[in-house]
Amino acid sequence: MRIVVLVSGTGSNLQAVIDAVQAGDLDIEIAAVGADRAGTYGVERSVAAGIETFVVDFKAYTDRSEWNAALTEAVAAYQPDVVVSSGFMRIVSPEFIDAFDGKYLNTHPALLPSFPGAHGVRDAMAYGVKVTGCTVHWADAGVDTGPIIAQEAVAIEDYDTEDTLHERIKVVERRLLVSTLASLAAKHAAARTI
Ligand code: GAR
């Protein structure tokens, strides 16, 4: 199973996938890692791991649809079986979703459909919920919407800050992402042998 991973930031979830592949625990090929801006640590990690990278810089385009078209073309060039949004903080167009129909996977640091968007951890704390968590789901053209594959709860403690809670969520999120990719890879391999 070939995947392309899209990142906007530090890429610690991506690192968990790279580590699992390198340890022989996850039988997939990371064909490429793409980012929406230059200079992300996610891309730096990928270069260090010998993975191909590309940047489709959002700010270099005046027209959002042109950026979407360029992103779609860049990802499609790698013919991925699954595209993973791993902390990719851009809404993609319906055309992108159509191009990778049923193949676009997203992770989110909250129990969707609660607290979608760029500040899922902060919003859950501000609301005062006592339990939040993370979600792995097939993404559609909405903001963190689409069929849910896996979720796991994380308790919010009185002493939590946004950072401590996000880090605890990410520990679970990394495990859930890797196990989801493992089960998709197993299904992919089974489908190829039929
Ligand atoms: C992750 O917690 C991911 O769920 C979140 O960004 C973080 C990226 O961390 N994504 C969203 O909030 C999407 N709405 P990382 O760059 O260290 O992997």
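The values are calculated or read from the model by the stated rules, or taken from the named source; none is laboratory data. If you're wondering where the values come from, they're calculated on a predicted model, not measured in any experiment. Virtual Cβ from ideal backbone geometry, glycine too; neighbours counted across all protein chains shown.
Structure data summary
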{"item": "Among the candidates 63, 57, residue that is surrounded by fewer than 16 Cβ atoms within 10 Å (Cβ to Cβ), closer than 27 Å to residue 166 by Cβ and among the charged types (D, E, K, R)", "result": "57"}
{"item": "Filtered residue count, the range 1-32, keeping only those that are within 11 Å of the ligand (Cβ to nearest atom), of a type outside the set (Val, Ile, Thr) and modelled with pLDDT of 95 or more", "result": "8"}
{"item": "Residues being away from the ligand (no atom under 16 Å from the Cβ) and not small (Gly, Ala, Ser) - total across the range 43-62", "result": "7"}
{"item": "Some residue of the range 154-177 being in a strand (DSSP E or B), at pLDDT 95 or above and of a type in the set (Gly, Ala, Ser)", "result": "yes"}
{"item": "Sole residue being modelled with pLDDT of 95 or more, closer than 27 Å to residue 183 by Cα and away from the ligand (no atom under 16 Å from the Cβ), chosen from 76, 70", "result": "76"}
{"item": "Members of the range 155-171 found to be within 10 Å of the ligand (Cβ to nearest atom) and either in contact with a Cys (Cβ under 8 Å, 6 or more places away or on another chain) or in contact (Cβ under 8 Å) with a residue 40 or more places away in the chain (or both), listed by number", "result": "166, 169, 170"}
{"item": "Evaluation of residue 100 against (1) within 16 Å of the chain's Cα centre (by Cα); (2) within 16 Å of the ligand (Cβ to nearest atom) (one fails), failing number", "result": "(2)"}
{"item": "Meets criteria (among the aliphatic types (A, V, I, L, M), buried (at least 21 other Cβ atoms within 10 Å of the Cβ) and closer than 26 Å to residue 166 by Cβ) for residue 51", "result": "no"}
{"item": "Only listed residue being more than 17 Å from the chain's Cα centre (by Cα), surrounded by fewer than 16 Cβ atoms within 10 Å (Cβ to Cβ), more than 30 Å from residue 79 (Cβ to Cβ) and of a type outside the set (Ser, Thr, Tyr), chosen from 95, 162", "result": "162"}
{"item": "Residue selected from the range 33-42 under the condition closer than 18 Å to residue 107 by Cβ and more than 11 Å from the ligand (Cβ to nearest atom), by the criterion surrounded by the most Cβ atoms within 10 Å (Cβ to Cβ)", "result": "33"}
{"item": "Members of the range 121-131 found to be surrounded by fewer than 23 Cβ atoms within 10 Å (Cβ to Cβ) and either touching a residue at least 40 places away in the same chain (Cβ under 8 Å) or part of a strand (DSSP E or B) (or both), listed by number", "result": "122, 125, 131"}
{"item": "Residue list for the range 132-153, filter: assigned to a loop (DSSP other than H, G, I, E, B) and either buried (at least 22 other Cβ atoms within 10 Å of the Cβ) or among the aliphatic types (A, V, I, L, M) (or both)", "result": "139, 141, 143, 144"}
